1. Round to a whole number: what % of the accessible area of the chain belongs to carbon and sulfur, probe 1.4 Å?
2. Which lysines, on any chain, are close to K239 with Cα under 16 Å apart, when same-chain ones fewer than 8 places away are left out?
3. State which entries of K88/K276; K117/K168; K50/K117 exceed 20 angstrom in Cα-Cα distance in the structure shown.
4. If a/c stays under 1.5 just call it rounded; otherwise compare a/b with b/c (prolate if a/b is bigger, oblate if not). Do that for region 164-278, with a ≥ b ≥ c from the square roots of the Cα gyration tensor eigenvalues.
5. For L55, what charge total do you get from the other residues with a beta carbon under 13 Å from its beta carbon, if Lys and Arg give +1 and Asp and Glu give -1?
6. Determine the order of H352, H388 by accessible area, beginning with the largest, at a probe radius of 1.4 Å.
7. Calculate for the chain the 222 nm mean residue ellipticity that helices alone would give, adding -39,500 (n - 2.57) per DSSP H run of length 4 or more and normalising by residue count, nearest 500 deg cm²/dmol.
8. What trypsin sites (Lys or Arg not before Pro) does region 309-403 have in DSSP loop regions with at most 16 other beta carbons within 10 Å?
Amino acid sequence: MDQTPKANRIHIGFFGRCNAGKSTLINMLTGQSVALVSAVAGTTTDPVSKAMEILPLGPVVITDTAGVDDTSELGALRIAKTRELLPKMNMAVYVVRTDTPIDDTDREWLALLKEQKIATLLVVNEIRGFGADAYIGASRLEVAEVPYIGADLSTKEQRRDILDMLGKMKPADEETRTLLEGLIEPKDVIVLVCPIDSAAPKGRLILPQVQMIREILDYRGMSFVVQTEELAALLDTLKEPPKMVITDSQAFEAVAEIVPDSIPMTSFSILMARFKGKLKELVQGAKTIKNLHPGSRVLISEGCTHHRQCDDIGTVKIPRWLKKAGYEGLELEWTSGGGFPADVSPYDVVIHCGACMLPRREVLRRIDVAVQDGVPIVNYGVLIASLHGILDRALSPFKDELV
């Protein structure tokens, strides 16, 4: 459970005003001193996250945030940082105190959570002399549609009750499918082509490759993992053709020359796009690449932050492939990690990574931002297959889904 990637976990944000009890609640639920607790308002500055498991939800990431009414010197920046987290949260816990009336700030943030369709639990921090039932009964909350529970956060007596309530809630944009859903059956043979080059992490595979191996095992299938140079030899040794070949997008061209047309072939990145949600929109985005011309603005965005190598895919290979395909004079810009513009209308196209490190909710949000601004968006795998003239073949396993 501790090794489950953050992108595959349900994200739960803890929100509320300064000193509402967010950090105390997180420490109570985790059984650890994850968040700094102090009577001084504004103790929590930057978001602090902790992985744990809440059944029946499974692996989750809980995130403590700064007070939504922070009036310190950097308060506005902290609140803005907290707002940025909202689209990434599948669930929320909003904390209030029984000795402090609900105000417009609370109402605003509860409305924001509702607007973002984030399943929310209201935890009423019972301060001595002010019971939660009386607090609710006095209609001081005015948020009857939000499930709530009163708890004395100075003790751990109601820890299980709160966890049980969280466990019964339905997360927003929860991943409901698997990477290979509908594509594999028990005893199927899947070949994974994993190039080990200068950009590959030393001593390990990248996350999508590891996830694919695990999923094949979960389906009781059989996986063969090779580099591009050994692919032909492997295919020659198999008595029967494999059910599918899945390759790193960067090796598309070489792998397509080796794998017969009769064997379905796709990429880790395309499967990740299907897994995260909107493959059809990304495929449509690839078709608009032909409209690029000198001076077109292109945003290349990656969901993680990593040390860039000399042959980095986002900053080196994709620009090189675009140029080779005849797209000269493009104005390229890059973002990475949590950075993604709220407005992408100045761009002619957005090229996004496979998003293996981002939760599905955040991927859907980024796609929606582009769609709402009328800007085509495509991911690395779909783009690379298109630039190499093999997009139709790379999409063949999903042709019924893309109708």
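1. 52
2. K187
3. K50/K117
4. The shape class here is prolate.
5. 0
6. Heavy-atom accessible area, descending, gives H388, H352.
7. -9000 deg cm²/dmol
8. K399
The values are calculated or read from the model by the stated rules, or taken from the named source; none is laboratory data. All values reported here derive from a predicted model rather than from experimental measurement. Glycine also receives a Cβ, built like all others from the backbone with ideal geometry; neighbour counts cover every protein chain displayed. With ligands, DNA and RNA removed, areas are computed over all heavy atoms of the protein, side chains included. Shrake-Rupley method; radii C 1.70, N 1.55, O 1.52, S 1.80 Å.
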